[in-house]
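This report refers to the structure that appears directly beneath it.
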Amino acid sequence: MTPLLTVENLSVDYHLKRSLLGRGVTLSAVRDVSFTIERGRTFGLVGESGSGKSTIGRTILGLAAIAGGRVVFDGTDIGAFGAQLPLSFRREVQVVFQDPLSSLNPRQTIGTTIGQAISRHRDVSRHERQRDIVTVLDSVGLASYQAERYPYELSGGQRQRVAIARALAVRPRLIICDEPVSALDVSTQSQVINLLVDLQHAFGLSYLFIAHNLDVVRHISHTIGVLYLGRLVETGPAASVYGAPAHPYTQMLLASTLVADPQAQAARSRARRRQPRTEPPSPLNPPPGCPFNTRCAWAADVCRTRMPAFEATASQGRHAACHRIEDVRTAAS
Amino acid sequence: MKRLLLTRLLSVVPMLFFVSLFTFLLVRLTSTDPIAQILGQGASDADRAEYAQRLGLDRPLVDQFFGWIWSAVQGDLGNSLYTSLPVAESIADRFGVTLSLAIAGMLFALSVGIPLGIAGALRHGSRWDRLLTIVVSTGLAVPSIWLALLLSLAFAVTLRWFQVVGYTPFSESPLEWARGLVLPAVALGIHTAAVIARQTRSAMIEVLQARYIQALRARGLPRRQIVLRYATKNALVPVLSVIAIQMSVLVGVSFVIERIFAVPGLGTLLIDSVVRADFPVLQGTVIVVASVVLVVNLLTDVAYGLINPKVRPQ
Amino acid sequence: MAATITEDDESRAHTRLWQRLAQRPLALACIGYLLLLLAVAIAAPYIAPYDPLHPDIKSRLQGPGAAHWFGTDDLGRDTLSRLIFGARTAVLASLESVTFGVVVGVSIGLIVGYLGGWFDRIAMRVADVMQSIPAVLLALALIGVLGKGLANAMLAVGVIFSVSFLRITRAVVLAEKEQLYVDAARVLGLRTLSILLRQILPNIAAPLIVQASIALGTALLIEAMLSFLGVGIDSTQVSWGAMLETARQFQTQQPLLPIFPGLAITLSVLAFNLLGDTLRDVLLPTGATAPGNTERHVVPPQPVSTPPSSRTDTDALLQVSNLTVTAPRPGGGMAELLSDVSVHVMRGETLGLVGESGCGKSMTASAIMGLLPPAVHIAGGSIRLAGTELIGLSDDALRHVRGRRIGMVFQEPMAALSPVHTVGRQISDAVRAHTGLGRKQALARAAELLALVGVPDPHRRLQDYPHQFSGGMAQRVVIAGALACEPELLIADEPTTALDVTIQAQVLDLLMDLRQRLSMSVLLITHDLGVVADACDRVAVMYGGEVVETGSVRATFSRPRHPYTAALLAAMPRGEGIGTALATIPGRVPPAWAWPQGCRFHPRCAHATPSCRQAPSVLQDGVRCRRAGELNLAEAR
């Protein structure tokens, strides 16, 4: 089965206007990223700020321009569409954004928002549309009377459910989840995450789940990709990447996460204090060679001059971009 | 900072060009025919053609435009169609007056508006603030011409503290010059003072609610220092753009106020040239005034860059 | 800072506009006046006592009298009648020019703002050129083009308005275009026109209405000026501005002439402006005008001498006892944001104050620092710092505590620093606020502090501005500012929430190192249990404005005693695979004005009994749950 989404060597640039005369500075937000998403599976994309994770999501959605490489959805190269993506594509790929408040039109009721989504893609009578709205609200756990409400009247968790409902209403196959739970409280986070998993089982949805929290990503993803300064440094099955990270950055990320277990955390704290303390470089000024070399305990001369290739590692289904991958693995085992 | 200054200066040049082009076209589209005005309705075609040639109005528009630009760069703005006096001279005579009026008005507005705005923000919600809002709203609503009339009536005609009409150049007597500017400056400046007060107040209120002000209080800084040093500088940023716009407004309104105080500024020159379709005078005046406005905008941008480091080119 | 329990601002957009306007007498007065003006304008021929154009030389320049209530002008024409017909001119002129300006300006602004690109660049160039010529001047030039007469004059003014409406519309469209809901609409595949009209336009209606109201006033003023100059109306029309010109010519002979036309103009413009201001307050409330923010001066209440709770430790550095904080509730009455909160921090320890949004943890910190927002009051309780009572102290006395004895670090580092002052200035000011050091010495100390918090190249960085620092570095700067005078207690309000994961760990390590080196205590406020596990010795869990459990971090995390604590621990993803569902807490956090009856957590509690609904639970032995003794929550994990 061909993957639902294939991203090949994708590069995306940001153009910043710096001086008043309009001379632009180009920022390379995403460089040479490749991964696939299978049908009915979740690919978790993890990275910190400046990693380019949101940019990848936006590019797949057609909100940002492709500077290099390809994005292939179900066999079709979306770069060939040009600026305006066709309605058929819009039906298949939808989005849930991070901020539930600003992602809903504040001056429309929930019902109107979802109704717009439905009418745009299906020719249905008013009665059928109403029924569809109720159905989709029900599938995200909201009562039908919520359709009359405005976004400000709902809580953060409820708004996020509405955003999910809006995405579901067009019956897509792939949903880009751009940090969907980062703005929510812990108790609400778990509700929304469970909902997303349930919906995946029920409708066979695929997700690109973008987040900065590795624990959350681990929970919901089948495959994980780790981004650093616009480059993919590691991919692989979720359990495998989480349990035995191959790339030094993934290791640093894991070591920096805080677990709610004081004893375990004390040991982790001691371990992480042994790591080098450095600031991440600015995306405007990426270091030469491997982008992580300025903060890597394993950095050698080759790392500072040559960009490592993203290639398969010894383990099953794992890829990483590191010159010293073998040494890292030996030290970890 | 120097780079900011340089880039802004450079961008003024194309702007001036476009303004000249715009003015030229606008003026030429005027429905009044200057030749008919000069010669009267009954003139013969031959006379009209001959006059047109003499005034250079028969050449193609493009030629006229570039010819005008070329001379303007060298300081020659042409001659009035009616008086044949050099436009540049007429403007130069009156330019200082208009500038004095506008600057005096702005100084008055700043010295009244900014303190009032800050005071209102600090007492936000109290009776004083409400009173201030009413005063400011009234200041915004009062027509400058009416104010000028009333001030003139009260202080010049009745109390005789100031001269009713006329203008004393600075070179003749600085004291009299300043004295003659008082009433016009107040008449002009009240509206602008109200605009500035209102903008300062709302900018200050917003700044005072900012997280960094709370952080400064958390560090135990004295309130006076927080307000004067930190809040004011941050609030100044949006106020600056208001000042730039108001300068342009002040120059415009000064043309009208001149009439009331019989001050020999650019206003009378301008109004006559509109009525008579005296192209060279109209073009020249608009260009000179627009240049002043562009310079003021430039100075504002520079000031903005001085205050707000984020804007400076890196 | 807005008081936290005001109704969501956007709710105002949806209660009827007319109802809200009706609540404000000023708005009603303005609308009344304007309707009167409109009525006068329409009915002018019927209500004017005389023909406004008919001269009567015998009665020239009379003051107010029986025959002519407002007097006559130089040609003996009745002033009152001329005022009435002048109203007609004023109304027509304003409406005509503003309508033109709105229609043209908004349409072009919408298109240009949304499409961007070349359209935008050309349009802005033209707008710049037109706005570099003063409006009066441009109006005169345009009148020269169009010809004289009122209609043309106001068309000229309309053109000028269209430029400013274009700017306003474009600015709002550009801002709205960045909003996520527009992106979502594009992703849904909605057509561009539909997005413009249905998504963006309704959201710009409010600022436009406000501007239009004010523009009506400006139009009136400009018309008056143009008619004053003689280039507005012609001789068959009447204008208040032209009346002023007459008044000018004859002011020595009849000084009362300017009064009435001037008053008419002023009142009308005032009405438009005040209406615009009221519309702005009603349609676009910001923090400054939202209700509840109008009170500025908080009277510090007397400290209530309640008996201290049983576990007071007189050695505690910070002792908060029975703290209750209230604020006005939207419908009237008061709501408790904090109820009977008691926590203490010993010397040299780190207390974690943990809870979700709305639980009151940040409010507790603000109360300790004496930085509560206006309208929020301390209703009872005591806050003691090393024995000194802080509640009831004057602002001046509190100033000596803030920064010197208690330092504070905030959530978003960039927001906690003034963007237009150098970092060196801000830190050295913090130093000089409490010591007598001179400028140079304070700067040297500031460099020391930057080095202490791990900012490389500190002397050079003193001259940098906040935006030149990355997030993590900026937070270090804020920490340096908080530590300027080596306080005994550091309050850190979500210090790492806005930072990246790898930087978060570094900043936490820094805080703990500093705590040790400076022998400080730390009150660490967070929603992240991982942070508590990593950095804190003891923890206090808050829910619904109350402390529900306190204890050592190890004990509480391994054997939670309150159902909420247990549920919070269970809900955190722990790196398990996709098969296991996460434990959740059903329901959501109630707002502060609607705490549930009885135990505040009971609607969401898996262990609630009927008695939990009836009576509030009391903090006993470090836990606020009547079933604490019977429940064994550790097993539920």
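The rows are residues; the columns are (1) modelled with pLDDT of 75 or more; (2) out of contact with any strand residue (DSSP E or B) (no Cβ under 7 Å at 6 or more places or on another chain); (3) in a loop (DSSP other than H, G, I, E, B); (4) away from chain B (no Cβ under 13 Å).
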residue: C:T286; (1), (2), (3), (4): no, yes, yes, no
residue: C:S309; (1), (2), (3), (4): no, no, yes, yes
residue: C:T312; (1), (2), (3), (4): no, no, yes, yes
residue: C:Q319; (1), (2), (3), (4): yes, no, no, yes
residue: C:A365; (1), (2), (3), (4): yes, no, no, no
residue: C:I378; (1), (2), (3), (4): yes, no, no, yes
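Scan the stretch C:496-513 and give yes if some residue there is farther than 19 Å from B:R211 by Cβ, assigned to a loop (DSSP other than H, G, I, E, B) and away from chain A (no Cβ under 12 Å), otherwise no.
Looking only at the stretch C:496-513, we keep the residues that are farther than 19 Å from B:R211 by Cβ, and these are C:500-506, C:508-513.
Applying the additional criterion that residues be assigned to a loop (DSSP other than H, G, I, E, B) yields C:500.
Okay, now just the ones that are also away from chain A (no Cβ under 12 Å), so none.
Checking the stretch C:496-513: not a single residue is farther than 19 Å from B:R211 by Cβ, assigned to a loop (DSSP other than H, G, I, E, B) and away from chain A (no Cβ under 12 Å).
Of everything in the stretch B:132-169 that is closer than 15 Å to C:L270 by Cβ and surrounded by fewer than 16 Cβ atoms within 10 Å (Cβ to Cβ), the residue that is farthest from the other protein chains (Cβ to nearest Cβ) is B:V135. Would you check which residues across the stretch A:66-91 are within 14 Å of another protein chain (Cβ to nearest Cβ) and over 16 Å from A:T36 (Cα atoms) and list them? Within the stretch A:66-91, A:F81, A:A83, A:Q84, A:L85, A:P86, A:L87, A:S88, A:F89, A:R90, A:R91 meet the criteria.
Being facing another protein chain (nearest Cβ under 10 Å) and surrounded by 23 or more Cβ atoms within 10 Å (Cβ to Cβ): is that true of C:I525 here?
No.
Can you name every residue in the stretch C:403-439 that is in a helix (DSSP H, G or I) and either within 7 Å of chain B (Cβ to nearest Cβ) or more than 18 Å from C:P487 (Cα to Cα) (or both)? Scanning the stretch C:403-439 gives C:M414, C:A415, C:A416, C:V423, C:G424, C:R425, C:D429, C:A430, C:A433, C:H434, C:R439.
Considering (1) over 17 Å from the mean Cα position of the chain (by Cα); (2) more than 14 Å from every other protein chain (Cβ to nearest Cβ); (3) under 24 Å from A:R122 (Cα atoms), the lone condition that A:R39 does not fulfil carries the number (1).
Going residue by residue through the stretch A:169-184, is there one that turns out to be assigned to a helix (DSSP H, G or I), at pLDDT 90 or above and not acidic (D, E)? Don't jump to the end; show me each part of the working.
Quick first cut of the stretch A:169-184, residues assigned to a helix (DSSP H, G or I) only: A:169.
Those left that are additionally at pLDDT 90 or above: A:169.
In the following step, the residues that additionally are not acidic (D, E) were identified as A:169.
Yes: one or more hits.
Do we find that C:T609 is among the β-branched types (V, I, T), more than 29 Å from A:G44 (Cβ to Cβ) and either surrounded by fewer than 17 Cβ atoms within 10 Å (Cβ to Cβ) or out of contact with any Lys or Arg (no Cβ under 9 Å at 6 or more places or on another chain) (or both) in this structure?
Details: among the β-branched types (V, I, T): yes; more than 29 Å from A:G44 (Cβ to Cβ): yes; either surrounded by fewer than 17 Cβ atoms within 10 Å (Cβ to Cβ) or out of contact with any Lys or Arg (no Cβ under 9 Å at 6 or more places or on another chain) (or both): yes.
Spelling it out, C:T609 is indeed among the β-branched types (V, I, T), more than 29 Å from A:G44 (Cβ to Cβ) and either surrounded by fewer than 17 Cβ atoms within 10 Å (Cβ to Cβ) or out of contact with any Lys or Arg (no Cβ under 9 Å at 6 or more places or on another chain) (or both).
For the subset of the stretch C:529-542 comprising residues that are touching a residue at least 40 places away in the same chain (Cβ under 8 Å) and not hydrophobic (A, V, I, L, M, F, W, C), which member is surrounded by the most Cβ atoms within 10 Å (Cβ to Cβ)? If we take residues in the stretch C:529-542 being touching a residue at least 40 places away in the same chain (Cβ under 8 Å) and not hydrophobic (A, V, I, L, M, F, W, C), then C:R538 is surrounded by the most Cβ atoms within 10 Å (Cβ to Cβ). Within the stretch A:164-187, residues that are facing another protein chain (nearest Cβ under 10 Å) sit with their Cβ atoms under 6 Å from residues that are aromatic (F, W, Y) and not in a strand (DSSP E or B), at 6+ positions apart or across chains, in these pairs: A:D178/A:F97.
Scanning the stretch B:199-234 for residues that are closer than 22 Å to C:F410 by Cα and of a type in the set (G, A, S) gives B:A210, B:A215, B:A218, B:G220, B:A231.
Here the stretch A:212-242 is the region considered, the condition is being crowded, with 24+ Cβ neighbours inside 10 Å and among the small types (G, A, S), and the residue that is nearest to the other protein chains (Cβ to nearest Cβ) is A:S221.
Tally time: how many residues in the stretch C:143-194 are basic (K, R) and either more than 30 Å from A:L87 (Cα to Cα) or more than 9 Å from every other protein chain (Cβ to nearest Cβ) (or both)? Spell out the reasoning first.
Taking the stretch C:143-194 and keeping what is basic (K, R), we get C:148, C:167, C:170, C:177, C:186, C:191.
Restricting the remaining residues to those that are either more than 30 Å from A:L87 (Cα to Cα) or more than 9 Å from every other protein chain (Cβ to nearest Cβ) (or both) gives C:148, C:167, C:170, C:177.
Counting residues in the stretch C:143-194 that are basic (K, R) and either more than 30 Å from A:L87 (Cα to Cα) or more than 9 Å from every other protein chain (Cβ to nearest Cβ) (or both) gives 4.
The rows are residues; the columns are (1) within 27 Å of the chain's Cα centre (by Cα); (2) part of a loop (DSSP other than H, G, I, E, B); (3) surrounded by 22 or more Cβ atoms within 10 Å (Cβ to Cβ); (4) assigned by TED's automatic domain parsing to the domain that holds C:S81.
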| residue | (1), (2), (3), (4) |
| --- | --- |
| C:L208 | yes, no, no, yes |
| C:A219 | no, no, yes, yes |
| C:F228 | no, no, yes, yes |
| C:S235 | no, yes, no, yes |
| C:A247 | no, no, yes, yes |
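The residue that is surrounded by the fewest Cβ atoms within 10 Å (Cβ to Cβ), counting only those in the stretch C:55-66 that are within 56 Å of the chain's Cα centre (by Cα) and over 15 Å from C:A247 (Cβ atoms), is C:A66. Evaluating C:I133 against the criteria (1) touching a residue at least 40 places away in the same chain (Cβ under 8 Å); (2) outside any helix (DSSP H, G or I) leaves one unmet condition, (1). Checked against (1) crowded, with 22+ Cβ neighbours inside 10 Å; (2) among the small types (G, A, S); (3) more than 25 Å from C:P261 (Cα to Cα), B:G105 passes all but a single condition, namely (3).
Which of the residues that make up the stretch B:282-304 are among the small types (G, A, S) and either surrounded by 19 or more Cβ atoms within 10 Å (Cβ to Cβ) or within 13 Å of the chain's Cα centre (by Cα) (or both)? Scanning the stretch B:282-304 gives B:G284, B:A290, B:S291.
The values are calculated or read from the model by the stated rules, or taken from the named source; none is laboratory data. Not measured: the values here are computed from a predicted model. A quick note on method: Cβ atoms are made from the backbone with ideal geometry, for glycine too, and the neighbour counts reach across all protein chains shown.
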